[in-house]
Ligand SMILES: Cc1cc2nc3c(=O)[nH]c(=O)nc-3n(C[C@H](O)[C@H](O)[C@H](O)COP(=O)(O)OP(=O)(O)OC[C@H]3O[C@@H](n4cnc5c(N)ncnc54)[C@H](O)[C@@H]3O)c2cc1C
């Protein structure tokens, strides 16, 4: 009987094993943790945002972006949704974001483990794989439980992100030993550090804003939503969605700045239009000082921080400010630029960019272009999805493709 080994029982490894199993093969998951799917449990704040209705490719990022469309085809998307339906998962869909109806990530973890067991997949827990070699047609694995052999191997070990969950980057070493190159992994979907100066005092404030990422002198991406202002920089979903570009840009010596517009209800108004709007506003509340007027719109602490160097103007009325002072205030509120100096660490990152390049695998099957019968799934590959279920979407589909390929290739 053909032996298939899946290294790593996370999101993509579980799906790969379930799809790989037939009556004519032995499929074994080797998982270093005492349980499979530990990371699934912390996804979506414990609710597991496992899919998104909007599967446009702009939500996925890779050095080889053009390859993604061959993996996330409409048919593959449909098939994985049918899979979750068949194993009994009922989605709760909120703005296109899929969660299990229970609102509990454990529902997805248990359902996948149960399905693997029902299919007679062998799960060996507490088994750390430290070395992988190939001689002729056989793979040889060195593990914490001794030496093992296999005919086919799927590497589903994840990345460096959240290493507490078991993904400590060993997979990259295994891939390198199998002649693969690794695009240097960087934290992604992660909080950003900025050169803040007196803005540090905005720590703890949450507010809606439009964030525009400027790389060198080019605006490359815009996100709108709640931003969390921290002592070291910025956080929140829209920040995380910009972090892929910021981390890679900074690592390659680019200047990364983020422009914050705290008046998101004016997405594209010119400074002159905002100036006029504030003048009109003053007519309605003629007794308000600038500070009082702004505190009726924004978090009062944010007004304090933004006008830290404009204390005199804050106490004046809008029309009493010179045109230049008005322009300066408007810039601080709608076009505040902060320079990025780094990201938080792999410990805090939800995922990693980099990994095995998509050019080194056959995208229809996830099989290595370099080593026959070796496959890669999930986050070890150079694909990052936005927040919103995209990383699990990729884990499921890449796992499914590898599982189907090892099965049909018997
Ligand atoms: C806090 C947080 C929240 C997230 N929320 C979401 C979300 O809501 N939606 C979404 O789409 N994505 C989310 N993600 C991302 C998503 O969880 C990952 O992209 C996905 O789990 C990757 O699946 P994987 O199979 O590649 O790796 P993992 O799920 O990390 O699984 C890898 C497995 O391999 C095991 N392993 C590693 N090395 C070895 C070895 N040498 N030997 C044996 N076993 C090994 C690990 O223990 C682990 O169980 C979140 C991530 C984090 C950290």
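Worth pointing out:
- Classified by the C-alpha gyration tensor, the range 12-75 has an oblate form. Its axis ratio a/c, with a ≥ b ≥ c, is 1.5 or above, and a/b does not exceed b/c.
- Sites residue 144 and residue 276 - FRET efficiency at Förster radius 45 Å, r taken between beta-carbons, to 0.05: 0.05
- Estimated [θ] at 222 nm from DSSP helical runs (n ≥ 4, -39500 (n - 2.57)) normalised by residues in the chain, nearest 500: -9500 deg cm²/dmol
- Cα-based convex hull volume of the range 5-114 per residue, rounded to whole Å³: 136
- Cα centroid separation, the range 333-409 to the range 138-173 (Å): 16
- Here the peptides 46-52, 326-332 are ranked by packing, the mean other Cβ count within 10 Å, and the order with the highest first is 46-52, 326-332.
- Each pair of Cα atoms in the range 84-206 enters the Kirkwood radius, and Stokes-Einstein at 10 °C and 1.306 mPa s then converts it into a translational diffusion coefficient of 84 µm²/s.
- Extension reserve of the residue 301-residue 206 stretch, reckoned as 0.36 nm per residue once the Cα distance is removed: 33.2 nm
- Three-way shape call for the range 271-334 based on the alpha-carbon gyration tensor, with the a/c threshold at 1.5: rounded
- Cα shape, the range 268-410, gyration tensor, a/c 1.5 rule: prolate
- Span from the the range 257-292 Cα centroid across to the the range 54-106 one, whole angstrom: 40
- In range of the label at residue 131: residues from the range 169-184 whose backbone nitrogen is under 20 Å from the point 7 Å along Cα→Cβ: 169-180
- Sites residue 54 and residue 319, calculated FRET efficiency, Cβ-Cβ separation with R0 51 Å, nearest 0.05: 0.65
- Note that the range 139-191, at 25 °C in a medium of 0.890 mPa s, gets a Stokes-Einstein diffusion coefficient of 192 µm²/s from its Kirkwood radius over C-alpha pairs.
- Sites residue 312 and residue 268, calculated FRET efficiency, Cβ-Cβ separation with R0 25 Å, nearest 0.05: 0.20
- Alpha carbon convex hull of the chain, projected area averaged over orientations, nm²: 21.3
- Taking 0.36 nm per residue of separation and subtracting the Cα-Cα distance, full extension of the segment from residue 198 to residue 23 would add 56.4 nm.
- Compactness of the range 348-410 is given as radius of gyration and Dmax, 12.0, 41 Å, from Cα positions.
Each reported figure results from applying straightforward, stated rules to the coordinates on display, with no laboratory input. What you see is a predicted model, and the numbers here were worked out from it, not measured in a lab. Every residue, glycine among them, receives a Cβ derived from its backbone with ideal geometry; neighbour counts consider all protein chains shown.
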